[in-house]
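J.: Okay, handing you the structure first.
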Amino acid sequence: MIDELTVPEQHALSRVAPRLLQAWKLNDDECVQLLRLTTEEWDCLKNDQPNSPLGSEQMQRVAVLIGVHAALMRVYSGDISRVARWIAAKNSGAIMNGRKPIEAMLQGGLPTMLRIRRLLQAEVAG
């Protein structure tokens, strides 16, 4: 799916990534780790510099994080501050095991991000 994106779609993901992660109030180190970028790549991305499209793996990560964000926005009725608090608050759920969701995603990588997205989408679906 990610490999089938058009160049404009790829650039759209590149533009939304920093906005999303900054809305979650993540620091630069967390953003670099979460997207598996170098510091220089993250700086280019967050400064919306030309020629800073993401690689296939990074685009997949952003797409999954958009799914997490969309589900949280539905759970919290569009309240971005509550979404940011959820990302940073300790959670006793099965996936997080007492960790903050951001810690779980950083430690578990893409597989954990996918599990969190599925969990939240199931919550939204009822």
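The values are calculated or read from the model by the stated rules, or taken from the named source; none is laboratory data. Everything numeric in this text was worked out from a predicted model, so none of it was measured. Positions of Cβ are generated from backbone atoms using ideal geometry, with glycine treated the same way; all protein chains shown enter the neighbour counts.
J.: From (1) surrounded by 15 or more Cβ atoms within 10 Å (Cβ to Cβ); (2) modelled with pLDDT under 90; (3) farther than 21 Å from Arg118 by Cα; (4) hydrophobic (A, V, I, L, M, F, W, C), pick out the condition that doesn't hold for Val7.
T.: (1)
J.: Hey, can you tell me all the residues within segment 25-65 that are more than 15 Å from the chain's Cα centre (by Cα) and in a helix (DSSP H, G or I)?
T.: Once the filter is applied, which keeps residues that are more than 15 Å from the chain's Cα centre (by Cα) and in a helix (DSSP H, G or I), segment 25-65 yields Thr39, Glu40, Glu41, Asp43, Cys44.
J.: Could you list, in sequence order, all residues of segment 2-35 that are of a type outside the set (Asp, Glu) and free of Cβ contacts under 8 Å to residues at least 40 places away in the same chain? Even if it seems obvious, please write down each step before you answer.
T.: Step one: filter segment 2-35 for residues of a type outside the set (Asp, Glu), giving 2, 5-8, 10-27, 31-35.
Matches in segment 2-35: Thr6, Pro8, Ala12, Arg15, Pro18, Arg19, Gln22, Asn27, Cys31, Val32, Leu35.
J.: May I pose another question? Go through segment 111-126 and count every residue that is within 13 Å of the chain's Cα centre (by Cα) and over 12 Å from Val68 (Cα atoms).
T.: Summing the residues that are within 13 Å of the chain's Cα centre (by Cα) and over 12 Å from Val68 (Cα atoms) in segment 111-126 gives 1.
J.: So which residues in segment 105-116 are surrounded by fewer than 20 Cβ atoms within 10 Å (Cβ to Cβ) and either of a type outside the set (S, T, N, Q) or in contact (Cβ under 8 Å) with a residue 60 or more places away in the chain (or both)?
T.: Here is the first cut: in segment 105-116, the ones surrounded by fewer than 20 Cβ atoms within 10 Å (Cβ to Cβ) are 106-112, 114-115.
Those that are surrounded by fewer than 20 Cβ atoms within 10 Å (Cβ to Cβ) and either of a type outside the set (S, T, N, Q) or in contact (Cβ under 8 Å) with a residue 60 or more places away in the chain (or both): Leu106, Gly108, Gly109, Leu110, Pro111, Leu114, Arg115.
J.: Right, something else. Give me a count of the residues in segment 66-101 that are of a type in the set (A, V, I, L, M) and assigned to a loop (DSSP other than H, G, I, E, B).
T.: The qualifying residues number 4.
J.: How about segment 43-97: which of its residues are of a type in the set (Ser, Thr, Tyr), under 22 Å from Gly108 (Cβ atoms) and out of contact with any helix residue (DSSP H, G or I) (no Cβ under 9 Å at 6 or more places or on another chain)? Before the answer, list the steps.
T.: So the first thing to find is which residues in segment 43-97 are of a type in the set (Ser, Thr, Tyr), and the list is 52, 56, 76-77, 81, 92.
Going one step further and asking which of them are under 22 Å from Gly108 (Cβ atoms), we end up with 56, 92.
Passing the criteria: only Ser92.
J.: Would you confirm, using the coordinates I've provided, whether Gln22 is surrounded by fewer than 17 Cβ atoms within 10 Å (Cβ to Cβ) and part of a helix (DSSP H, G or I)?
T.: Criteria met by Gln22.
J.: Another question, if that's okay. In segment 94-104, which residue that is hydrophobic (A, V, I, L, M, F, W, C) and surrounded by fewer than 19 Cβ atoms within 10 Å (Cβ to Cβ) is farthest from Gly67 (Cα to Cα)?
T.: Keep residues of segment 94-104 that are hydrophobic (A, V, I, L, M, F, W, C), which gives 94-96, 102, 104.
Next cut, surrounded by fewer than 19 Cβ atoms within 10 Å (Cβ to Cβ) only: 94-95.
Numbers: Ala94: 19, Ile95: 17 Å.
Among those residues, the one meeting the criterion is Ala94.
J.: Spot the failing condition for Ile80; the list is (1) surrounded by 15 or more Cβ atoms within 10 Å (Cβ to Cβ); (2) within 16 Å of the chain's Cα centre (by Cα), and only one is missed.
T.: (1)
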